[in-house]
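The values are calculated or read from the model by the stated rules, or taken from the named source; none is laboratory data. Quick caveat: nothing in here was measured; it's all calculated off a predicted structure. Here Cβ is always computed from backbone atoms with ideal geometry, including for glycine, and neighbour counts include all displayed protein chains. To get the accessible areas, we keep the full protein, side chains included, count just its heavy atoms, and leave off ligands, DNA and RNA. Shrake-Rupley method; radii C 1.70, N 1.55, O 1.52, S 1.80 Å.
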Amino acid sequence: MIIHFSKKHIEPIPEEDTSIWTCSNEGCTCWMRDDFSFGEQPACPICSSSMVSGIKTLPILSNGTKRGFQ
């Protein structure tokens, strides 16, 4: 009996630098993409602390809804 194992070639997931919000509370690890936040200065959904803006390299996602901030 011959058994053959092959690995499928997995395409790399494209990534880009993405604007995010990170919780300012050192004990909380919550973060969210800016495109998926509700508000210009969101509060942490986990601990209600303020959030600070930053950049993180993440897989590319598309948010179909547009925020109406101006």
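Here are some notes:
- Just one of (1) in contact with a Leu (Cβ under 9 Å, 6 or more places away or on another chain); (2) at pLDDT 95 or above fails for Trp31. It is (1).
- For Ile20: the one exception among (1) open to solvent by less than 50 Å² (accessible area, probe 1.4 Å); (2) of a type outside the set (Asp, Glu); (3) modelled with pLDDT of 95 or more; (4) more than 11 Å from the chain's Cα centre (by Cα): (4)
- Residue in the stretch 16-36 that is assigned to a strand (DSSP E or B) and basic (Lys, Arg) present: yes
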